[in-house]
Amino acid sequence: MPRVVDHEQRRWEIVYALWLVIAQHGIEGVSLRHVAAEAGVSMGRIQHYFGTKEALVLAGCTSLVQSAYGGYRETADAAPRERLLHVVSQQIPRDDAGRMGVSVWYAYVAKSINDSAVRQVLAEARRGAEEECVRLIRADRDDRADLAGAGPGDDADDPAALQQARRLLALADGLTLRVLVGDLEPAEAVSMLEAEVGRL
């Protein structure tokens, strides 16, 4: 009886090996040979799934964004304010796996300077995060208005929510960098974000 191959699992294992190589050597250190060795597969297997090194690197970028979004989807039952805190704090590296993920993200940020395909993936991810933060800020405000007996606000033109979202995301970016270089403890960074979200 032929063995059933889980192609998605194989692709995921290769992408994860790519991330390990990027975390250790940067994107410029990526080669199909290095990734194959890290994944414990042949170069031919990687070429079968991804074709070229460039396609593999781009797939790794897309998977990184999808992984973050998958974590966010798990908060679907939480209140808007809790979900907002998740969006802005999930990038804070709290352990070795988180540090690896953030270092890979920054490697892709550097790559995006000269790679339009990577730049497009990252820009869409950031726009999506911003739009979701705006939506959550409005939802939280409407929830509080309901508790106070007032109706929901008019969202047709809400520059305040957009500015709040941008400020939160910029703060999260700065705190993430400080945690990554060891200048700030993760708990301090998360606490600062919690305080900022609490002030909305």
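The values are calculated or read from the model by the stated rules, or taken from the named source; none is laboratory data. Note that the structure is predicted; figures quoted are calculated from it, not measured. Because the Cβ atoms are built from the backbone with ideal geometry, glycine has one as well, and the counts that use them run over all protein chains shown. Each accessible area value is taken on the protein alone, full model and side chains, heavy atoms only, with ligands, DNA and RNA left out. Shrake-Rupley method; radii C 1.70, N 1.55, O 1.52, S 1.80 Å.
At a glance:
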item: Filter pass, residue 8 being surrounded by fewer than 19 Cβ atoms within 10 Å (Cβ to Cβ), touching a Gly at 6+ places or on another chain (Cβ under 9 Å) and acidic (Asp, Glu); result: no
item: Top-ranked residue in segment 72-105 [being of a type in the set (Gly, Ala, Ser) and under 11 Å from the mean Cα position of the chain (by Cα); ranked as nearest to residue 137 (Cα to Cα)]; result: 89
item: Residue that is farthest from residue 170 (Cα to Cα) [pool: residues in segment 111-129 that are open to solvent by less than 60 Å² (accessible area, probe 1.4 Å) and part of a helix (DSSP H, G or I)]; result: 117
item: Among residues of segment 130-180, those that are modelled with pLDDT of 85 or more and not in a helix (DSSP H, G or I), counted; result: 0
